[in-house]
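Asker: Just dropping this structure here.
The values are calculated or read from the model by the stated rules, or taken from the named source; none is laboratory data. For clarity, every value in this text was computed on a predicted model and none was experimentally measured. Here the Cβ is made from the backbone with ideal geometry for all residues, glycine too, and neighbour counts use every protein chain on show. Note: accessible area is taken over every heavy atom of the protein model, side chains too, but ligands, DNA and RNA are not part of it. Shrake-Rupley method; radii C 1.70, N 1.55, O 1.52, S 1.80 Å.
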Amino acid sequence: MSKLYNGNINQKRLILVDLDGTTLKSNGKEMHPVTIKALKKATEAGHIVCIVTGRPHRGSLKFYQDLGLQTLLCNFNGAHIHDPVVQKFKRLIFPISETIIQKILNEDYLYKNINNAIIEYYNKAICLKHDEFFETYFHLDSIANDTFTISKWIREWKGNANAILIEFKKNTNLDQIRRDLEKYSNSIKVTTWKPIKKNSLIFDISSRFIDKGMTAKILAQYYNVDIRDVIAYGDEVNDKEMLLTVGYGVAMKNGHADIKSIANDITTKTNDEGGVGYHLMELLNLK
């Protein structure tokens, strides 16, 4: 285990944790007891714990509450930063504009080859068609106050959005899709990922300037913490900027090889084994 910047064990740290594959077990529904214990002990010891996740708030609020947090909650990789409990922080939203959304969905080849798609804003979402995986994975009906619609009229979306997620039909020319999306590269960022238990590739479209590294800087500024005194845990490529930005980036044992290669440290246990909890307890000497 490498040393923290400012080795003073009493130095109060900002601790940033990803959810899926990191704080959560692989089922995406629960945390390991040791991870819960460690994060709660860190808070009790005066450290600041924040969740930074690609999930919408409706898919992360339960875990935020289970950890007893009252800190800022960062969703859509930082495209939505808010203050669910104290409510003294003015909500930050970094959206894709309605104009760009309409232009993307009016790309003829792209639209004709959509198998399913979701457009999400912080308080509403629309899904092209019913799909148990999509509705469960993206927690589309988890919080009563959110508006969730299943509709073939996805092109009729009104307003800005935090994210567009698209699954394309088999045999779609994905190079053509990438060329279509490249037209909007001044406004959007496109990442792709393959969910567990689903064979297709998901195109994840967000505001160009959003990443977890920028989010880490916003949180460090808000809490008046030197970025070198920030600890972050992650497992996937969307965590890379966060781990590179903070003073002490920790990759999960079960994490992507690219993340392990740039991390200051790697947990000795997986997310299913309580990797975050065991590592944090030792790192901060939490009793």
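Asker: In whole angstrom, and with the biggest value first, how far do the Cα coordinates of the range 154-287 range along each principal axis?
Answerer: Cα extents, longest axis first: 53, 35, 25 Å.
Asker: Between beta-carbons, use under 11 Å as the cut-off and find the net charge around Asn173, counting Lys and Arg +1, Asp and Glu -1.
Answerer: Net charge in that neighbourhood comes out at +1.
Asker: What would the Debye formula give as log10 I(q)/I(0) at q = 0.30 Å⁻¹ for the alpha-carbon point model of the range 153-199, no solvent?
Answerer: One equal scatterer on each Cα of the range 153-199 leads to -1.29.
Asker: Can you list residues from other chains, or at least 5 along the same chain, whose modelled amide H is less than 5 Å from the amide H of Phe148?
Answerer: Excluding prolines and chain starts, which carry no amide H, the hits are Ala125.
Asker: Over the range 123-225, what percent of the accessible surface lies on carbon and sulfur atoms, probe 1.4 Å?
Answerer: Carbon and sulfur atoms account for 47 percent of the accessible area of the range 123-225.
Asker: So if I place +1 on the C-beta of Lys and Arg and -1 on the C-beta of Asp and Glu, and nothing else carries charge, what would the dipole magnitude of the chain be about its Cα centre? I want it in debye, nearest 20.
Answerer: My answer is approximately 200 debye.
Asker: In Å³ and rounded to a whole number, note down the convex hull volume per residue for the Cα atoms of the range 69-144.
Answerer: Taking only Cα atoms, the range 69-144 has a hull volume of 114 Å³ per residue.
Asker: I would also like to ask the following. Using θ = phi - 60° and the Karplus curve 6.51 cos²θ - 1.76 cosθ + 1.60, what whole-Hz ³J(HN,Hα) does each residue of the range 84-90 get, with Gly and Pro shown as x?
Answerer: The phi angles translate into x, 9, 6, 6, 10, 9, 6 Hz.
Asker: Follow-up. Roll a 1.4 Å probe over the protein heavy atoms and report the accessible area of Thr149 in Å², nearest 10.
Answerer: 60
Asker: I would also like to ask the following. Over the residues of the range 111-191, compute the C-alpha Rg and express it relative to 2.2 N^0.38 Å.
Answerer: 1.14
Asker: From the P(r) of the range 49-190, could you give the percentage of C-alpha pairs in the tail past 22 Å?
Answerer: Value for the range 49-190: 41 percent of Cα pairs lie more than 22 Å apart.
Asker: Rg to Rh ratio, the range 17-73, alpha-carbon atoms and Kirkwood radius?
Answerer: Over the Cα atoms of the range 17-73, Rg/Rh equals 0.92.
Asker: Given a 10 angstrom Cα cut-off, can you work out which residue in Lys124, Lys112, Lys37 is the most mobile in a GNM of the chain?
Answerer: So, out of Lys124, Lys112, Lys37, the one fluctuating most is Lys112.
Asker: With the alpha-carbon atoms as the only input, what is the per residue convex hull volume for the chain in Å³?
Answerer: Normalising the Cα hull of the chain by residue number yields 126 Å³.
Asker: Now for a different question. Counting only the heavy atoms of the protein chains, how much of Ser187 is accessible to a 1.4 Å probe, in Å² to the nearest 10?
Answerer: 50
Asker: Per residue, how large is the accessible surface of the chain? Use a 1.4 angstrom probe and give square angstrom.
Answerer: That works out to 47 Å² per residue.
Asker: So, one more: Name the aspartates and glutamates eligible as straight-distance cross-link partners of Lys287: C-alpha to C-alpha under 12 Å, and not fewer than 8 places from it in the same chain.
Answerer: Glu44
Asker: For the range 246-287, which whole percent of the accessible surface, found with a 1.4 angstrom probe, sits on carbon and sulfur atoms?
Answerer: For the range 246-287, the apolar C and S fraction of the accessible surface comes to 44 percent.
Asker: Separate question: When Lys and Arg each count +1 and Asp and Glu each count -1, what net charge do the other residues less than 15 Å away from Gln70, Cβ to Cβ, add up to?
Answerer: -1
Asker: Pick out which of Val17, Val52, Val86 has the largest mean-square fluctuation in a Gaussian network model of the chain, springs linking Cα atoms closer than 10 Å.
Answerer: Greatest mean-square fluctuation among the candidates belongs to Val86.
Asker: Could you list which residues have their amide H under 5 Å from that of Asn115, counting only those 5 or more apart in sequence or on another chain, with H placed in the peptide plane?
Answerer: Those qualifying (amide H under 5 Å, at least 5 residues apart or on another chain) are Glu167, Phe168, Lys169.
Asker: What are the semi-axes of the equivalent ellipsoid of the range 1-130, taken as the square roots of 5 times the eigenvalues of the Cα gyration tensor, listed largest first and rounded to whole Å?
Answerer: 35, 17, 14
Asker: Given Lys3/Lys269; Lys25/Lys253; Lys129/Lys198; Lys29/Lys152, which pairs have Cα atoms separated by over 22 Å?
Answerer: Lys29/Lys152
Asker: Within the range 53-105, what whole-number % of the accessible surface is contributed by carbon and sulfur, with the 1.4 Å probe and all protein chains included in the calculation?
Answerer: That fraction is 50 percent.
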